[in-house]
Amino acid sequence: MSRPRKDVVVRLDLFVYTSQMKQSSVTETKNGLSAILEQVKAGETFLITEHGKPVARLEPVKSNENRTTEEAALGDLERRGVVLQGKGRVRKELLDQPAVKLPRGVSVLEALLEERRSGR
């Protein structure tokens, strides 16, 4: 019914975001709509293709009630495929790590770009 996950890469300014999305052809979607909808209800997003070209994205509907401006903006970015929101919790060991100390006069952006260039 659905194909294995494939990486979807979206370029946003200088940064590249990678997410994984299930793909299904129009025929596969039509023939297996109930099963696909169950997966969408569980939080999956499907890229619907026709002759190998993307034509639509099938994703869960999220309630707009009680959303902050930031949540609404993030939801809009997710709908457009720029970001993919996590579905789990952040691991405690990540939150317990000390903040990175940058040398005086070095910007966070410069440090991030240098880290990406060096492959760390």
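Observations, loosely collected:
- Sorting T29, T69 on solvent-accessible area from highest to lowest, probe radius 1.4 Å, gives T69, T29.
- For L95, the solvent-accessible surface computed with a 1.4 Å probe is close to 120 Å², ligands and nucleic acids excluded.
- Accessible-area ranking of V83, V40, V100, largest first, probe 1.4 Å: V100, V83, V40
- Estimated vicinal HN-Hα couplings, Hz - segment 26-36 in sequence order (Karplus 6.51, -1.76, 1.60; Gly, Pro = x): 4, 5, 4, 5, 4, 6, x, 4, 4, 5, 5
- Computed from Cα atoms alone, the Kirkwood hydrodynamic radius reported for segment 35-109 is 16.0 Å.
- Share of carbon and sulfur in the accessible heavy-atom surface of segment 44-110 [1.4 Å probe, %]: 55 percent
- Dipole magnitude for segment 23-90: computed about the Cα centre from +1 point charges on Lys and Arg Cβ and -1 point charges on Asp and Glu Cβ, it is near 60 debye.
- Accessible area per residue was computed with a 1.4 Å probe on protein heavy atoms; E71 scores about 90 Å².
The values are calculated or read from the model by the stated rules, or taken from the named source; none is laboratory data. Since we're looking at a predicted model, the values are computed, not measured. All Cβ positions, even for glycine, are placed from backbone atoms using ideal geometry, and neighbour counts span all protein chains on display. SASA here: full protein model, heavy atoms, side chains in, ligands and nucleic acids out. Shrake-Rupley method; radii C 1.70, N 1.55, O 1.52, S 1.80 Å.
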